[in-house]
Every structure is written in C-alpha cells, then in structure tokens.
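Q: This structure is in structure tokens; I'll ask about it shortly.
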Amino acid sequence: EYKEPFGVKLDFESGIIENAKKLVRKLSDMKGYYVDEEAYEKLLKEDPIIYEVYAVEQEEKDGDLNFATTVLYPGKVGSEFFMTKGHYHSKADRAEVYFALKGKGGMLLQTPEGEARWIPMEPGTIVYVPPYWAHRTINTGDEPFIFLALYPADAGHDYGTIKEKGFSKIVVEENGEVVVKDNPKWTE
Ligand code: 6PG
Ligand code: NI
C-alpha cells in the first residue's frame, strides 16, 4: 500500500515537466478578468495563449503533495500585464510555495477582506503563500515567466470569488514602469 516514489525531469528553459498533465489557458478563457474590456475584445481576434500549466497531481488526500510549473507568456491587455486567473484554495487554509525559475514577474496576494500584497519574483525567488490568501502571478517582463508551485494535494482551486470580484489591485505598465495600483472595478 505504499505509493511508489519517483523522480521527474523539469526542463528549466521551457518549464515543461515530463509526463505532466498539461493545461492551456487562452485569452478566451479569461473573459471579465482584465479591466480594459475594449482591449480584451480586440486581442480576442488573436486569442493568444496566456499561460500553460504542467501539473503532477495526486489524489486529493490530506498529507499528500502536488507540484506544477506555470509558463506565463509576456503581453498586455491594454496596459494590464498578462496574468493567471488567480484563486483561493478550496480548502482555504492550505498554504503553497512558489519558486521562480525564469523571466520576470510577481505575485499578487489578497486576503478575503481585500487586503493585497505584491511580491516581485525573479529566478531564485521563493514565495510563501500563507493559508487563506488568494494568489495570482503576473508577467511584467518580455519573455515567458516560469515558476514551480508546490501545494497540498487536497488544496483544490476556488476560482469563483476572484472571477467575480477580481483583486483590489491591478498591475499595469505606465510610462514604461511596472505600477501596482487600485483596481477601478473593485468593490468591497
Ligand atoms: C495551484 C498553484 C498554481 C496555479 C497556476 C495557474 O494551486 O495549483 O497556485 O499551480 O494553479 O499558476 O494559476 P490559476 O490556477 O490561478 O489559473
Ligand atoms: Ni494555489
């Protein structure tokens, strides 16, 4: 009844984990996520891939661990940088660790009360995501931003709240600078 241990190879250049389950998120999967709806509709004609996830997941049992890489492509919708959907964990008290491998970006985190934090990430940055914080990653560079995430197998993903309300902050480019500012669409 012991599970079999294994090693798998992660390619640092591409972010691909061998034999992992691949998930693709295109712009069309993210309606309502970006502030500039006009820019969203315009870019939808190309419907670019925003990010890909390579996940190695176990049964949703307490005590077990999953891991996944994310390859988040560079680009913007209007002035807002390409980003992941962002989520709370379904079991909200489950923490997570991210390890940045390539490119440049950061993580936006938020409590259920809407208190936000921005943690810049570059290769070598380890981010601790405490229990209860929603988390979204953002590519602020001009090459793919690649990171590894390790999370409890029973954490799950709760996308609903963020899909509806977003984060209280957005990350945009203004005069060539990365700016974290209040989300104009945010309501308490
Ligand atoms: C997780 C991780 C991470 C995340 C991806 C895609 O809990 O599995 O936080 O692997 O899922 O970076 O981001 P979204 O799940 O928010 O689309
Ligand atoms: Ni997570």
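Q: Which residues, taken from the range 6-43, are surrounded by fewer than 13 Cβ atoms within 10 Å (Cβ to Cβ) and within 15 Å of Val77 (Cα to Cα)?
A: The answer is Ser28, Lys31, Gly32, Glu38, Glu41, Lys42.
Q: Name the residue, out of Tyr128, Tyr151, Tyr132, that is in a strand (DSSP E or B), within 16 Å of ligand 2 (Cβ to nearest atom), open to solvent by 80 Å² or more (accessible area, probe 1.4 Å) and hydroxyl-bearing (Ser, Thr, Tyr).
A: Result: Tyr128 is the single residue among Tyr128, Tyr151, Tyr132 that is in a strand (DSSP E or B), within 16 Å of ligand 2 (Cβ to nearest atom), open to solvent by 80 Å² or more (accessible area, probe 1.4 Å) and hydroxyl-bearing (Ser, Thr, Tyr).
Q: A further question on this structure: Name, by its number, the condition in (1) under 21 Å from Glu173 (Cα atoms); (2) surrounded by fewer than 19 Cβ atoms within 10 Å (Cβ to Cβ); (3) more than 16 Å from ligand 1 (Cβ to nearest atom) that does not hold for Ile49.
A: Condition not satisfied by Ile49: (3).
Q: Then there is this: Pairs under 9 Å by beta carbon, first residue within 11 Å of ligand 1 (Cβ to nearest atom) and at pLDDT 95 or above in the range 127-152, partner of a type in the set (Lys, Arg) and open to solvent by less than 10 Å² (accessible area, probe 1.4 Å), six or more apart or different chains?
A: none
Q: What residue, of Lys85, Lys3, Lys91, is out of contact with any Gly (no Cβ under 9 Å at 6 or more places or on another chain), open to solvent by 80 Å² or more (accessible area, probe 1.4 Å), among the charged types (D, E, K, R) and at negative phi?
A: Values: Lys85 fails: open to solvent by 80 Å² or more (accessible area, probe 1.4 Å); Lys91 fails: out of contact with any Gly (no Cβ under 9 Å at 6 or more places or on another chain).
Being out of contact with any Gly (no Cβ under 9 Å at 6 or more places or on another chain), open to solvent by 80 Å² or more (accessible area, probe 1.4 Å), among the charged types (D, E, K, R) and at negative phi holds for just one of Lys85, Lys3, Lys91, which is Lys3.
Q: Provide a single number: the residues in the range 162-180 that are open to solvent by 60 Å² or more (accessible area, probe 1.4 Å), touching a residue at least 12 places away in the same chain (Cβ under 8 Å) and more than 11 Å from ligand 1 (Cβ to nearest atom).
A: Total satisfying the criteria: 5.
Q: On to the next question. What number of residues in the range 52-77 are of a type outside the set (Asp, Glu) and open to solvent by less than 40 Å² (accessible area, probe 1.4 Å)?
A: Initial filter on the range 52-77 (of a type outside the set (Asp, Glu)): 53-56, 58, 61, 63, 65-77.
Okay, now just the ones that are also open to solvent by less than 40 Å² (accessible area, probe 1.4 Å), so 53-56, 66, 68-72, 75, 77.
Final tally of qualifying residues: 12.
The values are calculated or read from the model by the stated rules, or taken from the named source; none is laboratory data. Owing to the predicted nature of the structure, the values given are computational and were not obtained by experimental measurement. A quick note on method: Cβ atoms are made from the backbone with ideal geometry, for glycine too, and the neighbour counts reach across all protein chains shown. The protein model used for the area step is the full one, side chains on, heavy atoms only, and it has no ligands, DNA or RNA in it. Shrake-Rupley method; radii C 1.70, N 1.55, O 1.52, S 1.80 Å.
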